[in-house]
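A quick write-up on the structure given underneath.
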Amino acid sequence: MSLALPLDAQPTDPALEGIIKLAVMAVGGQGGGVLTNWIESLARSQGYHCQATSVAGVAQRTGATIYYIEMAPGDVAAPVFSLAPAAGDVDIAIAAEMMEAGRAIIRGFVTPDRTTLIASTHRMLAVSEKTVPGDGMASSDEVRAAAEVASQKLILADMDRAAVKVGSVISASLFGALAGSEALPFKREAFEEAIRTGGKGVEASLRAFAAGYDLAQNGEPAKPVEEKPVQQEIVAPKGPADIQSEWARLEARVAALPETVRVMAAAGLTKVVDFQDCAYGSEYLDRLEALVKADTAEREYELSCEAAKYIANAMAYDDVIRVADLKTRPQRFDRIEAEMGVGNDNVMHLTDYLHPRAEEIVGLLPEKLGRKMENDPAWMKRIDRWFNRGRRLRTDSLRGFAMLYFLGGLRNWRLKTLRHKMEQDHLNDWLQMVAGYLPDRYGMAVEILRCRRLIKGYSDTHARGLSKFDKVLSGARMVEDREDGPQWVARLREAALKDEKGTELDGALKTVESFTG
Amino acid sequence: MAERSFKAEVEHLRKGSGDVFTGEGILALTKALLENGVGYVGGYQGAPISHLMDVLADAQDLMGELGVRFEANASEAAAAAMLAASVHYPIRGAVTFKGSVGVNVASDALANLASSGVNGGALVIVGEDYGEGSSIMQERSYGFAMKSQFWLLDPRPNLPSIVKAVGDGFALSEASNTPVMLMVRIRSCHVTGSFETSDNVPPPLSVQDALANPQRDFKRVVLPPMSYAHEHDKIDNRWPAAEKFILDNKLNERFGPESGKVGIMCLGGMYNGVIRALQRLGLADISGNTSVPLYVLNVTYPIVKSDVVDFCKGKEAVLLVEEGQPEFIEQQIGAMLYKEGATTRLEGKGIFPKAGEYTGQIMFDGLEAFVRQYAPDLLPAKVLAPNTPKTELPDLTKSVPIRPPGFCTGCPERPIFASLKLAEQELGPRQITGDIGCHLFACLPPFEIGGSTMGYGLGPASNAAFDGGGEHRAISILGDGGFWHNGLSSSIGNMVFNKSDSVAIIVDNYYSAATGGQDVLSSRAQNSTKSTNHPISKALEGVGVEWIRQIDRTYDVTQMRAAIREALTTDYKGPKVIVASSECMLNRQRREKPLRNKAIADGKRVETPRFGVDQDVCTGDHACIRLSGCPSLSLKKLDDPLRDDPVAHIDQSCVGCGNCGEVADAAILCPSFYEAKVVHNPTVFETWLTGLRKKVISWLQNRRAGKRLTFSGEAL
């Protein structure tokens, strides 16, 4: 055989360079079909041959779906188009969601030699991201970084917001971005004509088109640098003068803390005072200051920062009083009305879904009485019979509001309740354990503070959180003498946040047992 | 009424000679049927030919004018059985369903039809659900053509070729007295393009006219001894007639040079993929003119031996591009060449992977490998020695989450499975089988309910081994589509007859929803051409189910769970069936939204509900999402340094179904959920009352604010 010198080989047909290959990656229900129709009608109106295909079927029920279009100038005789995109052979990739952009890159539809990538940065979270008890959200930054490497030209902006802002949907803003990217050899007017020919919701679509066009041409306006108050105590709360002066004294104590601790301490203090009152805020600072004393600048006050955060969260626990208080505040009504777009011509009915159990009722009783009932199954059963059922409370009605208002007003009673006592005991035990690790095992103390993150939710979820917390702490005791103890506690905590039932945590604990037992 | 309306497009089906039609493949198919004098059409929906059924349904007026009968058959078996009209009568008939599962269901009728043989052209249009976007097991319909000996067309995926294949199919069917299956792949069904139309032709003999002159011939009945004669007739007469027709009419096509060292044989449906790979290899131009001889099998069964041998003559090697497995055609051609004593090397599987779709990359790699091995001198320099190294891209496979399909926002099936999950949490896990339909999404997270699916309407039947009962009763799911398809007899009848002690939950969403919202017998809509509003519960009573619980609002999770709990714990030993009915939200919104907007514009009083989460009450444990998975129930990261985890958040796409609130209540999750019902055009009294309430409420709020500190946010 000859050395394959391609003397008689066919040159590649230069007309092939004229084919434009465009893939649309979308989530079912986003209107990828509408976008495809516009692009197709645009290409035909400009005298191009055009072929579109899509994959119909169940993927269109909220799954990842793909549309594919090829076009070529009209002077070519009967071009043969492919029905599916091929890796490394796509000129324009449009992704209607950030992770779909990632999927386009994974599938090789975005390559640095040829692909213009137009992607919306907004997120539609996949189920797997949402069900994690902790934070399971995928990293958009990672996709952004990959997109920068993978694409020849990159247009990234929140096309969803741009469209929704003008009363339209993302297909229109993406079509605008496609025009603005100048990746197709057609004029803007031709794009707009395609929308008009489509004939549905033309005006709104054109507005979103313009927004998308603008984003592609000029990029997203740089976010105004938020002027975050360096020290949160600058934000003055409203309230009667005597309480204001109490608050001022607390602020002064925060100002006396090491600088790195102040932001978190101010946030924590605000939360605790908002939860109860200034005296309770003072208690918070007492606890915090005790730990700050044991801390050092060499460690950048890591312990104090974590303490400022988690002590506040522990002290502002979620009891019936807090929920009722939050649900009756004027700011809440304003927020919901704004979110729902309630104008002067509308009225709004607000129904809260509540389901109290005997535990919550008993938690409201004074400690002694509460304990007695808690330990008496007959009483618990009776209380359950009286109270334990789903309640739909019309919070916009006087009766419903009054009921919650009354409960929210029990704040002054709170410190006498069984629930408060239980929370206090739990808090003290936890802080005692933290203090026990100081000063020698600083890392352990920090990690134990962080474990507070595991306690959240209400009723069963709360109980499950508590049991995970206890499990992680018992694991912590097994590794407390080890050099890498803190890392193990962190690992146990992360495992506990992975799934609901704590399967990962149990696995991690087994590992710990295997080398400590 | 189906999810997508083709009323506007259907008007284009009236085009006549000299016009050009531009649109989707399925519309072209319909037009081709009308141009070829079809007398009756039918079928059963399922991707990728659901829209073909929708087009046919929307074209009923036009078909009525032409004297064409349209039947929305009860199942694929019923559709295939309808072709019996072409056995005795010279009437062309066409039915459509999906492959391979639809063909599975239809195979009994198809086998009988193939044995009897046909007089009028009988065409089965099969949407082959294979490869990306498919929702079924990955198999080929090809085997059915082989076993029953009907012919299989697989035209090139462009509109003129598809249209031509319809005419060829009818003619081939009539020339060989054999039914013909016309296969279109997922993307071909929805590929767009143009073709020159011709006039629609009314059937020479309509089905109505045929009834005036009934015909029968016992020789066509599949009974001994005629069935033995049928087998011989297939081999001795019908097959040769088919081969002759294929050759005479050049149904298979050849492209490129007459001869060459190598050649490529491909199935018609693979043609565009092959050309694209050749284009990228520098071996074809933009219009598909190739420098490698190409033999396109638009007829994939039967394979005409003389034609294949002729193409292979003088070639060192040929490559067969046949997607899917088993590689039926490769085996046939291999045997043909061997028996002929040919020296041509046959390549196919090996160069191509045995399993899976031939994607662009696989096609490119396969063809490149073949040409590089047998004719490297054909390849241009830049392909032979590419000099640009590939850029290394970051690996995102670990960070980008999978996004399988799931329940839509507001889906009435979500609360059914939330209830079932709660019941399982209470009573312990159960043996659960699923069925075909949207409800099968419940197998996926967050519900993870149901461990198998054995076929349409077979949910309860696939739990039959457990019908005897035991410590924990088994549960099966069945949709309304599956129920009427064959579930009533195969699943429910089976349960009654065998005194099943298990539980069946029938998901009744008023439509065959997964396939695009076609009506079924129990649909609540009024349909001018179909008989609807036949309640499932009455059918259940009719076959002898005694324990029936009808739930008319699936969103009531507490009630739904109570019904499941009762079914699982009752002392009653016979079959227990829960009918959970609520309308498919996708269809409901499409129906109600325009009416609602109009009512608001007209100044009528309208309530629009939506749900929300109080972000300060939500603790970010996401327990609600694990009982929902609703697209509108998502997460939000708060700008609060004290919070580690994102909180639940309901976006604007919420339709106010109430599942999240109901679940939070039934599972006693948390008090974060609220329903905000905006009243448009409220009555005068309502506005007055609201004003009064607001006054009192803000007086109370101000009173409290006067005694405490108020920070800017609601809670910090």
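The values are calculated or read from the model by the stated rules, or taken from the named source; none is laboratory data. Since the model is a prediction, treat every value here as computed from it, not as a measurement. Positions of Cβ are backbone-derived with ideal geometry, glycine not excepted, and every protein chain shown enters the neighbour counts.
A few points about this structure:
- Residue that is farthest from A:N412 (Cα to Cα) [pool: residues in segment B:663-711 that are among the β-branched types (V, I, T) and in a helix (DSSP H, G or I)]: B:V684
- Condition met for B:K604 (in a loop (DSSP other than H, G, I, E, B), more than 8 Å from every other protein chain (Cβ to nearest Cβ), at pLDDT 95 or above and over 28 Å from A:R450 (Cβ atoms)): yes
The rows are residues; the columns are (1) farther than 19 Å from B:V318 by Cβ; (2) at pLDDT 95 or above.
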residue	(1), (2)
B:N237	yes, yes
B:G260	no, no
B:A277	no, yes
B:V292	no, yes
B:Y295	no, yes
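- Inside segment B:527-547, residues that are part of a loop (DSSP other than H, G, I, E, B) and without any contact (Cβ under 8 Å) to a residue 12 or more places away in the chain make up a count of 3.
- Leading residue by the ranking (nearest to A:T53 (Cα to Cα)) among those in segment B:153-171 that are buried (at least 24 other Cβ atoms within 10 Å of the Cβ) and of a type in the set (A, V, I, L, M, F, W, C): B:L159
- Condition check for A:S173: of a type outside the set (K, R), at pLDDT 95 or above and crowded, with 24+ Cβ neighbours inside 10 Å: yes
- B:K593 loosely packed, with under 14 Cβ neighbours inside 10 Å and assigned to a helix (DSSP H, G or I): yes
- Residue check for B:T690: polar (S, T, N, Q), surrounded by fewer than 19 Cβ atoms within 10 Å (Cβ to Cβ) and either in contact with a helix residue (DSSP H, G or I) (Cβ under 8 Å, 6 or more places away or on another chain) or modelled with pLDDT of 95 or more (or both): yes
- Test: residue in segment B:643-656 that is small (G, A, S), assigned to a loop (DSSP other than H, G, I, E, B), more than 9 Å from chain A (Cβ to nearest Cβ) and surrounded by fewer than 22 Cβ atoms within 10 Å (Cβ to Cβ): yes
- Of all residues in segment B:215-234, those that are touching a residue at least 24 places away in the same chain (Cβ under 8 Å) and among the aliphatic types (A, V, I, L, M) total 2.
- Residue list for segment B:602-632, filter: out of contact with any Pro (no Cβ under 6 Å at 6 or more places or on another chain), in contact (Cβ under 8 Å) with a residue 40 or more places away in the chain and of a type in the set (D, E, K, R): B:K604, B:R605, B:E607, B:R610, B:D614, B:D616
- Index of the failed condition, B:V184 passing every other in (1) surrounded by fewer than 24 Cβ atoms within 10 Å (Cβ to Cβ); (2) outside any helix (DSSP H, G or I): (1)
- For segment A:81-97, the candidate set comprises residues that are free of Cβ contacts under 8 Å to residues at least 60 places away in the same chain and facing chain B (nearest Cβ under 7 Å); within that set, the residue that is surrounded by the fewest Cβ atoms within 10 Å (Cβ to Cβ) is A:A87.
- Qualifying residue in segment B:377-398 (condition: more than 7 Å from chain A (Cβ to nearest Cβ), within 28 Å of B:Y130 (Cβ to Cβ) and surrounded by fewer than 14 Cβ atoms within 10 Å (Cβ to Cβ)): no
- Test: residue in segment A:412-433 that is within 14 Å of chain B (Cβ to nearest Cβ) and either in contact with a strand residue (DSSP E or B) (Cβ under 7 Å, 6 or more places away or on another chain) or at pLDDT below 95 (or both): yes
- Out of A:R414, A:R419, A:R394, sole residue that is in contact (Cβ under 8 Å) with a residue 40 or more places away in the chain, closer than 22 Å to A:D277 by Cβ and in contact with a His (Cβ under 9 Å, 6 or more places away or on another chain): A:R414
- Residue check for B:E662: facing chain A (nearest Cβ under 9 Å) and over 21 Å from A:R391 (Cβ atoms): no
- A:E129, sole failed condition from (1) facing chain B (nearest Cβ under 8 Å); (2) closer than 30 Å to B:L278 by Cα; (3) free of Cβ contacts under 8 Å to residues at least 24 places away in the same chain: (2)
- Residue in segment A:481-492 that is in a helix (DSSP H, G or I), within 30 Å of B:V663 (Cα to Cα), without any contact (Cβ under 8 Å) to a residue 60 or more places away in the chain and of a type in the set (F, W, Y) present: no
- Note on segment A:290-334: among residues that are within 11 Å of chain B (Cβ to nearest Cβ) and among the β-branched types (V, I, T), the one that is surrounded by the fewest Cβ atoms within 10 Å (Cβ to Cβ) is A:V320.
- Residues considered: B:P214, B:P202, B:P160, B:P225. Of these, the only one that is within 14 Å of chain A (Cβ to nearest Cβ) and not β-branched (V, I, T) is B:P160.
- Restricting attention to segment A:244-283, the residues that are more than 9 Å from chain B (Cβ to nearest Cβ), part of a helix (DSSP H, G or I) and among the hydrophobic types (A, V, I, L, M, F, W, C) add up to 11.
- Filtered residues of segment A:387-403 (kept if part of a loop (DSSP other than H, G, I, E, B), crowded, with 17+ Cβ neighbours inside 10 Å and within 8 Å of chain B (Cβ to nearest Cβ)): A:T395, A:D396, A:S397
- Against the test of being surrounded by fewer than 17 Cβ atoms within 10 Å (Cβ to Cβ) and under 30 Å from A:A126 (Cα atoms), the options B:D602, B:D614, B:D640 yield a single qualifying residue, B:D640.
- Restricting segment B:211-252 to residues that are among the polar types (S, T, N, Q) and part of a helix (DSSP H, G or I), the residue that is nearest to the chain's Cα centre (by Cα) is B:S227.
- Condition met for A:L326 (touching a Lys or Arg at 6+ places or on another chain (Cβ under 8 Å), part of a helix (DSSP H, G or I) and within 30 Å of A:H349 (Cβ to Cβ)): yes
- For segment B:66-123, residues that are polar (S, T, N, Q) and more than 17 Å from B:L182 (Cα to Cα) total 6.
- The residue of segment A:104-121 that is farthest from the other protein chains (Cβ to nearest Cβ), among those that are surrounded by fewer than 18 Cβ atoms within 10 Å (Cβ to Cβ) and farther than 17 Å from B:L396 by Cβ, is A:R114.
- Every listed requirement among (1) in contact with a strand residue (DSSP E or B) (Cβ under 9 Å, 6 or more places away or on another chain); (2) more than 7 Å from every other protein chain (Cβ to nearest Cβ); (3) surrounded by fewer than 24 Cβ atoms within 10 Å (Cβ to Cβ) is met by A:E100 save one, (3).
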